[in-house]
Amino acid sequence: MKIMKMNKFIKELIPYIIVIIIVILIRTFIVTPVIVNGDSMKPTLNENEILLLNKYDKEYKRFDIVVLDKSVEGDNLIKRIIALPNETLEYKDEKLYINDKEITDKFNFGTTKKIDRVTLGEDEYYVMGDNRSISLDSRILGKINKTQIEGKVNFTLFPFNKFGKIK
């Protein structure tokens with residue numbers, strides 16, 4: 001009798017175990033929530049906003065918002081990709097130049113002082129916060145290797161009045 005009860009209990013428990021395993025796998029390899037810490041991405045992102053980190057899509061484009069892993073600064077940093085692998089970046093007169101061509105940077109909310117020419121190698125990115133006057137980014141941290149990027153964020157979960165795709 002006890003064995004039958006135990007078998008029934010295990011059979012009832014199996015769906016819950018499967019759900020827990022699926023949730024763990026999804027959070028580990030596909031998506032996970034992240035919290036904005038600090039003001040370096042203002043006004044696009046504000047402190048304590050909860051975003052959805054997409055770990056699966058590793059094709060990064062200019063101006064994607066990405067999360068850098070803890071190896072970069074001891075904490076996850078959220079920044080915007082400004083320059084891509086094998087590009088040359090320069091800021092002069094408050095204007096962004098990529099490979100000597102002026103690029104409109106509509107995410108520069110602050111002062112971006114002159115940045116001397118930086119040439120990126122294979123799998124290297126240049127990242128900056130939108131609030132340029134206070135952001136800890138590639139100007140200090142240097143080039144970011146693709147392996148140091150956990151994924152990109154493009155969806156806000158909280159606060160609910162900003163729920164949806166990040167603009």
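Taken together, the values in this text are just the output of simple stated rules run on the coordinates, not laboratory data. Just so it is clear, the structure is predicted and the values come from calculations on it, not from any experiment. Don't worry about glycine lacking a Cβ; one is built from the backbone with ideal geometry, like all the others, and counts go over all protein chains shown.
For this structure, a couple of remarks:
- From the coordinates shown, Cα Rg over 2.2 N^0.38 Å corresponds to which of (i) 1.35; (ii) 1.18; (iii) 1.11: (i)
- For ILE103, distant residues with modelled amide H under 5 Å away: LEU96, TYR97, ILE98
- Principal-axis tilt of helix 2-29 within the chain, Cα atoms, nearest 10 degrees: 10
- Order by protection proxy (mean Cβ within 10 Å, highest first), peptides 122-132, 96-106: 122-132, 96-106
- Label point distance in nm, ILE35-ILE10, each placed 7 Å from Cα along Cα→Cβ: 4.0
- For ASP69, the residues whose modelled amide H falls within less than 5 Å of its own, excluding neighbours fewer than 5 places apart on the same chain, are ILE149, GLU150.
- Helical contribution to [θ] at 222 nm, DSSP H n ≥ 4, -39,500 (n - 2.57), averaged over the chain, rounded to 500: -6500 deg cm²/dmol
- Label-to-label distance for THR88 and ARG62 is 1.5 nm, based on points extended 7 Å past Cα in the beta-carbon direction.
- Each residue of segment 147-157 was assigned a 3J(HN,Hα) from its phi angle through the Karplus curve 6.51 cos²θ - 1.76 cosθ + 1.60 (θ = phi - 60°); the sequence is 5, 8, 9, 6, x, 10, 10, 8, 9, 9, 8 Hz, with glycine and proline shown as x.
- Estimated FRET transfer efficiency when R0 is 35 angstrom, pair ARG117-PHE158 (beta carbons, to 0.05): 0.30
- For LEU53, the residues 5 or more places off, or on other chains, whose built amide H falls under 5 Å of its own are THR32, VAL34.
- Length-normalised contact order for segment 55-167 - Cα pairs under 8 Å, 6+ apart - percent: 28
- Alpha-carbon centroids, segment 71-94 and segment 10-30: separation in whole Å: 37
- Exposure proxy order (Cβ contacts within 10 Å, fewest to most) of ARG80, ARG27: ARG27, ARG80
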